[in-house]
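Read the structure below first, then the notes.
The values are calculated or read from the model by the stated rules, or taken from the named source; none is laboratory data. For clarity, every value in this text was computed on a predicted model and none was experimentally measured. Positions of Cβ are generated from backbone atoms using ideal geometry, with glycine treated the same way; all protein chains shown enter the neighbour counts.
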Amino acid sequence: MPAGGVIADEALDCLVIGGGPAGLTSAIYLGRFFRTVLIVDKGWSRAEWIPLSHNLPGFPQGVEGPVLLDRLRAQARLYGAPLKFGQVDALERADDGLFVASVEGAPVTARTVVLATGVLENKPPLPHVAEAVKNGLIRTCPICDGYESQGKRVAVMGAGEHAAAEALFLRTYTDKLSLLLPREAEALAPDTLTALAAAKIGLIHADVASVQLGDDGVTALSVEDGQTHRFDVVYSAFGTTSQTQLAKTLGARMDDAGRLYVSEHQETSIAGLYAAGDLVRGLNQIAVANGEAAIAATAIHNRLPKRPYRIAAAAPASVAATAAAIHSAPRPKCG
């Protein structure tokens, strides 16, 4: 089994590509099944952007994205699933049925693969948008934190029907909504305009030049004509781009939005290639990613040859320390 992120000499039971919640959860399950697994992570997950989430089951006080990822990484290591930071440059299927990945130029072979590469947020035309999201000036998931927007002045920035749908979704939580559309945005459908008017959602056609957070916690959006609009919460709704390049090279079937088709066991149209998380269904939720990862990992374990039980060696002190650290980790701060 590879350790400490070292690439294995023999074929792995599974190569997990992506170190977000879906990838790490699948690796945890596979490690507990005593399967040899390696996680390859490019070092960035959308979960890193979460300042504080209150909708993840088991965290009533909320959890910060980086805190959650650190705990998942520690738990994966606890069960013998090492993580290697790096890029998977290519993924092929060999004549013997094994998958061969190029990781930073080095080959890795595996009997199965879990793709958990997720999606990229299509960024609004703003400078320093990543910092704005991390600092809570701009939010990206109304499903995750719409509840916390009750009765607040909310703006949705976007460029089309998707943004309008998000604004209408948020009408559940507030009646003080505005939809900000770039001047060059494609015209909305008549039915959409009717729905927005019925919901009393204001339309602002302007290009946002900057975003600032005031001392009073109000976000100020400055537009190109010099006007400033003030909101309590601002959402970015420019959509996402699926990271399915590796699946495309193998010929995996996907829909027009670039989402992978999977079976009830999360297997793609390529035998032995599984997918979990945001690049599958479009409901970009950590709880969904965890469930899909658990399904994929269990299916992988059941398809591979069974291994007879052998008494394991005593857990090293480092593993015991990792378990203790997970158990005693302080609760995340509540915002």
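For (1) surrounded by fewer than 15 Cβ atoms within 10 Å (Cβ to Cβ); (2) not aliphatic (A, V, I, L, M), each residue gets a yes or a no:
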site	(1), (2)
Ala159	no, no
Ala167	no, no
Ser178	no, yes
Arg183	yes, yes
Asp191	yes, yes
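Taking the criterion of being surrounded by fewer than 20 Cβ atoms within 10 Å (Cβ to Cβ) and in contact (Cβ under 8 Å) with a residue 24 or more places away in the chain, the residues of the stretch 54-66 that qualify are His54, Asn55, Leu56, Pro57, Phe59, Gln61, Glu64.
Are any of the residues in the stretch 239-256 touching a helix residue (DSSP H, G or I) at 6+ places or on another chain (Cβ under 6 Å) and either at pLDDT below 95 or closer than 26 Å to Pro182 by Cβ (or both)?
Filtering the stretch 239-256 for residues touching a helix residue (DSSP H, G or I) at 6+ places or on another chain (Cβ under 6 Å) gives 239.
Then drop every residue that is not either at pLDDT below 95 or closer than 26 Å to Pro182 by Cβ (or both), which leaves 239.
Yes, there is a match, as at least one residue in the stretch 239-256 is touching a helix residue (DSSP H, G or I) at 6+ places or on another chain (Cβ under 6 Å) and either at pLDDT below 95 or closer than 26 Å to Pro182 by Cβ (or both).
Which members of the stretch 221-260 meet the condition of being of a type outside the set (A, V, I, L, M, F, W, C) and surrounded by 15 or more Cβ atoms within 10 Å (Cβ to Cβ)?
Within the stretch 221-260, the subset of a type outside the set (A, V, I, L, M, F, W, C) is 222, 224-230, 232, 235-236, 239-245, 248-249, 251, 253, 255-256, 258-259.
Answer for the stretch 221-260, where residues must be of a type outside the set (A, V, I, L, M, F, W, C) and surrounded by 15 or more Cβ atoms within 10 Å (Cβ to Cβ): Ser222, His229, Asp232, Tyr235, Ser236, Gly239, Thr240, Ser242, Gln243, Thr244, Gly258, Arg259.
Taken as a whole, the structure places Lys200 among residues that are modelled with pLDDT of 85 or more, on the phi > 0 side of the Ramachandran plot and not small (Gly, Ala, Ser).
Within the stretch 227-252, residues that are without any contact (Cβ under 8 Å) to a residue 40 or more places away in the chain reach partners that are in a loop (DSSP other than H, G, I, E, B) and among the small types (Gly, Ala, Ser) with beta carbons closer than 8 Å, at six or more positions or on different chains, in the pairs Gln227/Ala206; Gly251/Ser269; Ala252/Ser269. With respect to the conditions (1) at pLDDT 95 or above; (2) touching a Ser or Thr at 6+ places or on another chain (Cβ under 9 Å); (3) within 19 Å of Gly65 (Cβ to Cβ), Lys42 falls short on a single one, namely (1). Could you please find all residues in the stretch 288-312 being at pLDDT 95 or above and of a type in the set (A, V, I, L, M)? Those that are at pLDDT 95 or above and of a type in the set (A, V, I, L, M): Val288, Ala289, Ala293, Ala294, Ile295, Ala296, Ala297, Ala299, Ile300, Leu304. Taking every residue in the stretch 288-306 that is under 11 Å from Pro21 (Cβ atoms) and in contact (Cβ under 8 Å) with a residue 12 or more places away in the chain and pairing it with any residue that is aliphatic (A, V, I, L, M) and assigned to a helix (DSSP H, G or I), at least 6 positions away or on another chain, the pairs with Cβ-Cβ distances below 6 Å are Ala289/Ala22; Ala293/Ala22.
Consider Ala195 carefully, then state whether it is surrounded by fewer than 13 Cβ atoms within 10 Å (Cβ to Cβ), of a type outside the set (S, T, N, Q), over 19 Å from Thr140 (Cα atoms) and at pLDDT 85 or above. So Ala195 fails the test.
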